[in-house]
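A.B. asks: Take a look at this one; I'll ask things after.
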Amino acid sequence: MDLRSGRAFWPLTNGLMHTYPPLSGDERADVLVIGAGITGALLADKLSAAGLDVVVTDLRDAAFGSTSASTALLQYEIDTNLVDLIPMIGQADAERAYHLCRDAIDMVRDLTAELPDDCGFRERGSLYYASNRRDARMLAQEHAARTRAGLNVEHLDARSLKARFGITAPAALFSPDGGEVDPYRLAQHLLQRAQSRGARVYDRTEVTRLDEHGTEFTAHTDRNAKIQARWVVVATGYEAEKFLGKRLAQLKNSYALATEPIEQTDGELWPTGCLIWETARPYLYARTTQDGRVVIGGEDDNHHNPARRERALPGKQKRLERKLGKLLPHLHPETAFAWAGTFGETKDGLAYIGPRQTGDRLLFALGYGGNGITYSVQAARLLTGLIQGEENDDLRIFRLDR
């Protein structure tokens, strides 16, 4: 599957950080992780830290699929507002899902502190502004729901929003709990650390078929070599349906651009450098980078046609440039990179994590939606525990048969 178009910012600015060989002979491991993007890298790191023998494969170069197209806003806010998620799955599970995403941001912070490179991680607030007056009323309800859930969030009226952030909108919610990261660098450093513990990483190697016999899987590859493993974790995101036998998410495209670095005397491009996003669906979203760029995205459309996505990119870029100028008129940026990527959206905004049914040793880590990295952090924790025989009720929230 062709997952992105254009010139994605992260791999172009970082270069090919590490190379991994294709599979050239048969392998055996405790766990086979299919997918070497950010989800597979988090899994490989967590599994190898637990002392498990791990093999990772990817049909592309590592981290060159959806990870390279991610804008990597780290938010606890799920694409489905808490007030909407509660009637879908119940108050306790909805609040728990929000708290798990909140905890995952701290886990990314701790991970990057351990690595030789901070991977561009910065703790950031999150500003969620109302796109219209009707949504301003919804934000008041959302503020009440999050406050009841014990989440740290502040409600801003139009005057306070303009005074503090220079943004014109009817209302907003501000939370201090968010972050940003370079997903490509993070994935590469995690794969390297897993490799240092004995994990083997093979890119340009496609698993074409899985056979299960007894307590073991045999993974057949396009390299005429096989991998035997006791457990298999599918971390291929939007390409997982060939192992699932069905589609769990609606595939869409999101478009993004990164500006040239912008000089600012106070060190931030806008007050606090917070993440910015809106209540409209699809929504506009923006963040900064370590070297002073703005990354802005949105303009989502509902198809998966790579040629059509490629043709749409120039027009989408122009619309994003206009929206950036309207949102933050004090900036006068020049676009340096523009790209598009495929993503998946679930009916409730939650990831799919776990087996298809209880007892299966074929597991899935599918961080669909706008919280892909935070979901993947939790998937690595939950699935490593499951493989080690631990029971965790959090898996029920993300179960595949919900």
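A.B. asks: Among the residues of the range 28-36, is there at least one that is in contact with a Phe, Trp or Tyr (Cβ under 8 Å, 6 or more places away or on another chain), assigned to a loop (DSSP other than H, G, I, E, B) and in contact (Cβ under 8 Å) with a residue 40 or more places away in the chain?
C.D. replies: Here is the first cut: in the range 28-36, the residues in contact with a Phe, Trp or Tyr (Cβ under 8 Å, 6 or more places away or on another chain) are 30-32, 34, 36.
If we keep only those that are assigned to a loop (DSSP other than H, G, I, E, B) too, we end up with 36.
Filter once more, keeping what is in contact (Cβ under 8 Å) with a residue 40 or more places away in the chain: 36.
Yes, because at least one residue in the range 28-36 is in contact with a Phe, Trp or Tyr (Cβ under 8 Å, 6 or more places away or on another chain), assigned to a loop (DSSP other than H, G, I, E, B) and in contact (Cβ under 8 Å) with a residue 40 or more places away in the chain.
A.B. asks: Same structure again: From the list Ala312, Ala338, Ala286, which residue is surrounded by fewer than 20 Cβ atoms within 10 Å (Cβ to Cβ) and within 23 Å of Leu12 (Cβ to Cβ)?
C.D. replies: Ala312
A.B. asks: Considering every residue within the range 57-73, establish whether at least one is under 26 Å from Glu206 (Cβ atoms), at pLDDT 95 or above, among the β-branched types (Val, Ile, Thr) and not in a helix (DSSP H, G or I).
C.D. replies: Checking the range 57-73: at least one residue is under 26 Å from Glu206 (Cβ atoms), at pLDDT 95 or above, among the β-branched types (Val, Ile, Thr) and not in a helix (DSSP H, G or I).
A.B. asks: Let me ask another. Have a look at Arg7, Arg102 and point out the one that is at pLDDT below 95 and touching a Phe, Trp or Tyr at 6+ places or on another chain (Cβ under 7 Å).
C.D. replies: Working: Arg102 fails: at pLDDT below 95.
Answer to the selection: Arg7.
A.B. asks: Any idea which residue in the range 180-211 is surrounded by the most Cβ atoms within 10 Å (Cβ to Cβ), counting only those that are assigned to a loop (DSSP other than H, G, I, E, B) and in contact with a helix residue (DSSP H, G or I) (Cβ under 8 Å, 6 or more places away or on another chain)? Can you show your working first?
C.D. replies: As a first pass, look at the range 180-211 and keep what is assigned to a loop (DSSP other than H, G, I, E, B): 181-182, 197-199, 203-206.
Filter once more, so that each one left must be in contact with a helix residue (DSSP H, G or I) (Cβ under 8 Å, 6 or more places away or on another chain): 181-182, 197-199.
Details: Val181: 25, Asp182: 23, Arg197: 16, Gly198: 12, Ala199: 22.
Selected residue: Val181.
A.B. asks: Further question: When you look at Leu248, is it touching a residue at least 60 places away in the same chain (Cβ under 8 Å), in contact with a helix residue (DSSP H, G or I) (Cβ under 8 Å, 6 or more places away or on another chain) and assigned to a strand (DSSP E or B), yes or no?
C.D. replies: Values: touching a residue at least 60 places away in the same chain (Cβ under 8 Å): yes; in contact with a helix residue (DSSP H, G or I) (Cβ under 8 Å, 6 or more places away or on another chain): yes; assigned to a strand (DSSP E or B): no.
In short, no.
A.B. asks: Being free of Cβ contacts under 8 Å to residues at least 24 places away in the same chain and in a helix (DSSP H, G or I) is the filter here, so list the residues in the range 118-143 that pass it.
C.D. replies: Narrowing the range 118-143 to residues free of Cβ contacts under 8 Å to residues at least 24 places away in the same chain: 118, 134, 137.
Scanning the range 118-143 gives Arg134, Arg137.
A.B. asks: Among (1) touching a Ser or Thr at 6+ places or on another chain (Cβ under 6 Å); (2) surrounded by 19 or more Cβ atoms within 10 Å (Cβ to Cβ), which single condition is Asp118 missing?
C.D. replies: Failed condition: (2).
A.B. asks: Hey, another quick one. Looking at the structure I just gave you, is Arg164 part of a strand (DSSP E or B), at pLDDT 95 or above and surrounded by fewer than 18 Cβ atoms within 10 Å (Cβ to Cβ)? So that I can check it myself, show each step before the final result.
C.D. replies: Values: part of a strand (DSSP E or B): no; at pLDDT 95 or above: yes; surrounded by fewer than 18 Cβ atoms within 10 Å (Cβ to Cβ): yes.
No, not satisfied.
The values are calculated or read from the model by the stated rules, or taken from the named source; none is laboratory data. What you are looking at is a predicted structure, and each value in this text was computed from that prediction instead of being measured. Positions of Cβ are backbone-derived with ideal geometry, glycine not excepted, and every protein chain shown enters the neighbour counts.
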